[in-house]
2 protein chains.
Amino acid sequence: MGEINIKRLASELNLSAATVSRALRDSHEISAETKARVMEMAKKLNYEPNPFASSLRRQQSKTIAVIVPEVANNFFSLAIKAIEEVARAKDYHVLIYQTHESGEIEASFMTSLLSGRVDGVLISPASHVANKEYFQKVSEKMPMVFFDRDHADIEGVKITTDDYDSAYNATQHLVDAGCKTIGYLAALETLTTGKKRLQGYQDALKNNNLKCQPDLIVSNCENNEPCHSKIKDFISQQKPDGIISSIEELAIPCYYACKELHLNIPKDLKLITFSNLSHAELLNPPLSTINQPAFEIGNEAATILFKMFSKRWYDPNITISLKSNIIKRESTRS
Amino acid sequence: MGEINIKRLASELNLSAATVSRALRDSHEISAETKARVMEMAKKLNYEPNPFASSLRRQQSKTIAVIVPEVANNFFSLAIKAIEEVARAKDYHVLIYQTHESGEIEASFMTSLLSGRVDGVLISPASHVANKEYFQKVSEKMPMVFFDRDHADIEGVKITTDDYDSAYNATQHLVDAGCKTIGYLAALETLTTGKKRLQGYQDALKNNNLKCQPDLIVSNCENNEPCHSKIKDFISQQKPDGIISSIEELAIPCYYACKELHLNIPKDLKLITFSNLSHAELLNPPLSTINQPAFEIGNEAATILFKMFSKRWYDPNITISLKSNIIKRESTRS
């Protein structure tokens, strides 16, 4: 049995596809009798309307939403820039919404999108999540693409980076630079993104015959204020000679902590971080980074979203992974 | 003659205010005859509907728009954070829109707001402007507040900082540190903001009996790419011993230019910039900044916007100026 689409319905009913389509959307151009016939056949054949059809028909807002945890972040601002370029070429506006890592705020805004204020969504989900139903609801209503971050248990189109490999390679870089006690500043722990980064770190330690002590992993430190003292305590108590920061926001507190503890980077402690900080090179000392292809991720995600709009995208459940690269600077010099 | 409002119309017509209000918005609950009577009287008395009334009546989007040139900027991301806090307490969503300094993009988005997708607007206008009609149109339709940046020839509620004083004091600081040839990296030249900053610099030079040579002012360098070489050429040709950067984005290229020209900051060249860069202290050398009260500006602007929503704000044309402060660091040490 083939796919039940409007064409199939039309052929069964001996009507044109245009007539069936109009009947399904209750157009005044179609008689009540024809509508009834179409509805009956649709029910009989278990016709599932294309979930994007209603927004495709509208497509009047000419607006897409980009939902991110934070705009004050070089990765996201670059990704958004790329998204805007793609959207502008299609004459679309891009609205940006910040969740500040709150699942509640994310849920509330995404639910508000169901009223149809935008035609599609690009989302990098918050790390704190309550329930995830709204992802499903929104994706049934309009095209949606995950970028950078995702949840393993939610299906969808996902543009990510090689989180596992990046963390593995960064750890290996620290080992090669002579580090024996490598700390890990964890973040995004509820997300696939964070889990893969942690796994890469752990596997690299094991493969280098270094113990992977739980004490060396600092969890839950992405909330602004307490994170500075948490990191400072960690450094002074565990005395790591290397640190991998799994997000940009945790690397800067390391600089301050080392200053206060009179530790020299890289002599006493080597530091590398996931980051697209534009002036990492100007810091004292210049900061080694795992550079994600932020612009490319934004570009790819937006391009696919517009293909969904024009029905030129057929894979509702695919993960595309782009490569990051490590930029070695003074902060990890051996 | 008193103000012509709905109450006055109601009393003239011997109707209740509610009936007049419903008639004016063409409610189906009111008879055609009554509507005609109300319209006639409204015309006769030159009744001007409250420009915010229609959005106040709706107020269903529960959303405000924040229009900024760029989110990848510490000033704007802080201001937005404050706006979001105020909005969240009122159960409103905040949509962010970037103009990238283009008046055309700004006009296109603001015009799209006329369809009523948001209840109010906070805007820091783009530096490039074609015509400014849309400001007027939007402000007739819904509450609008300018923050940080504004145009002198557009009326409205404006929350700014002491741009003149800040630039004057920064220049004085460089003079006090021993600078004789002080360059100025201009930006926002079409905006009151940029004009006041430039004036503060020029007046401080004059009052210190330093010549204010046009060669020392670098104009039009806010567009990303060419700005680096423009600044490098300026430094190598004019040999300034001090530079004031009128926006954050122009300070970073100075660091790179000095590196390439083998100039030492602050020995060969002292540098101070308008900036809310959170890790100015971590740069090599730590960067002196004119710190605008970004959070306070956002907070004040949003608070006034919500007062406008609830009709508790009565001054449609006021400028509130908050104070910036200079943070002296290594980059201007004498």
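The values are calculated or read from the model by the stated rules, or taken from the named source; none is laboratory data. The structure presented is a predicted model; accordingly, all values stated were derived computationally and were not measured. When we count neighbours, we look across all protein chains shown, and the Cβ atoms used for this are built from the backbone with ideal geometry, even at glycine.
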Task: Members of the stretch B:170-218 that are closer than 21 Å to B:Ser324 by Cα and of a type in the set (Ser, Thr, Tyr) - done: B:Thr171, B:Tyr184, B:Thr192, B:Thr193, B:Tyr201
Task: Check on B:Ser139, more than 30 Å from B:Ser219 (Cα to Cα), away from every other protein chain (no Cβ under 14 Å), of a type in the set (S, T, N, Q) and under 18 Å from the mean Cα position of the chain (by Cα) - done: yes
TODO: Considering each of A:Ala177, A:Ala187 in turn, give the residue that is in contact with a strand residue (DSSP E or B) (Cβ under 7 Å, 6 or more places away or on another chain) and crowded, with 17+ Cβ neighbours inside 10 Å.
DONE: A:Ala177
Open item on the list: Consider the stretch A:49-106. How many of its residues are under 18 Å from A:Gly120 (Cβ atoms), among the hydroxyl-bearing types (Ser, Thr, Tyr) and at pLDDT 90 or above?
Closed with: 4
- [ ] Report yes if B:Ile123 is among the aliphatic types (A, V, I, L, M), out of contact with any Lys or Arg (no Cβ under 7 Å at 6 or more places or on another chain) and within 14 Å of chain A (Cβ to nearest Cβ), otherwise no.
- [x] no
Open item on the list: Just to check your reading of the model, which residue among B:Glu300, B:Glu330, B:Glu248 is in contact with a Pro (Cβ under 6 Å, 6 or more places away or on another chain) and among the acidic types (Asp, Glu)?
Closed with: B:Glu330
- [ ] Quick one: count up the residues across the stretch A:65-87 that are outside any helix (DSSP H, G or I) and more than 10 Å from chain B (Cβ to nearest Cβ).
- [x] 2
Task: Filter result for B:Asp91 (surrounded by fewer than 21 Cβ atoms within 10 Å (Cβ to Cβ), over 18 Å from the mean Cα position of the chain (by Cα) and either among the β-branched types (Val, Ile, Thr) or not assigned by TED's automatic domain parsing to the domain that holds B:Gln202 (or both)) - done: yes
Task: Subset of the stretch A:235-253 that is under 25 Å from the mean Cα position of the chain (by Cα) and not small (Gly, Ala, Ser) - its residue that is nearest to the other protein chains (Cβ to nearest Cβ) - done: A:Ile252
- [ ] Select from the stretch A:254-283 the residues that are away from chain B (no Cβ under 14 Å) and touching a strand residue (DSSP E or B) at 6+ places or on another chain (Cβ under 8 Å) and write down the one among them that is surrounded by the most Cβ atoms within 10 Å (Cβ to Cβ).
- [x] A:Ile272
- [ ] Answer with yes or no whether A:Ile83 is within 12 Å of A:Thr303 (Cα to Cα) and either out of contact with any Gly (no Cβ under 9 Å at 6 or more places or on another chain) or of a type outside the set (Phe, Trp, Tyr) (or both).
- [x] yes
Task: Condition check for B:Cys221: in contact with a Lys or Arg (Cβ under 6 Å, 6 or more places away or on another chain), of a type outside the set (S, T, N, Q) and either within 22 Å of B:Pro266 (Cβ to Cβ) or surrounded by fewer than 21 Cβ atoms within 10 Å (Cβ to Cβ) (or both) - done: yes
- [ ] Quickly run through the stretch A:88-118 and pick out the residues that are over 12 Å from B:His93 (Cα atoms), facing chain B (nearest Cβ under 10 Å) and assigned to a helix (DSSP H, G or I).
- [x] A:Arg88
Task: Criterion: closer than 30 Å to A:Arg117 by Cα and without any contact (Cβ under 8 Å) to a residue 24 or more places away in the chain - qualifying residue of B:Ser124, B:Ser108 - done: B:Ser108
Task: Enumeration of residues in the stretch A:25-46 that are assigned to a helix (DSSP H, G or I) and surrounded by 11 or more Cβ atoms within 10 Å (Cβ to Cβ) - done: A:Thr34, A:Lys35, A:Ala36, A:Arg37, A:Val38, A:Met39, A:Glu40, A:Met41, A:Ala42, A:Lys44
TODO: Check off (1) touching a helix residue (DSSP H, G or I) at 6+ places or on another chain (Cβ under 8 Å); (2) within 26 Å of B:Val71 (Cα to Cα); (3) small (Gly, Ala, Ser) for B:Gly183 and give me the number that stays unchecked.
DONE: (2)
Task: Single residue of the stretch B:284-314 satisfying the filter (within 14 Å of chain A (Cβ to nearest Cβ) and surrounded by fewer than 21 Cβ atoms within 10 Å (Cβ to Cβ)) that is farthest from A:Leu282 (Cα to Cα) - done: B:Phe295
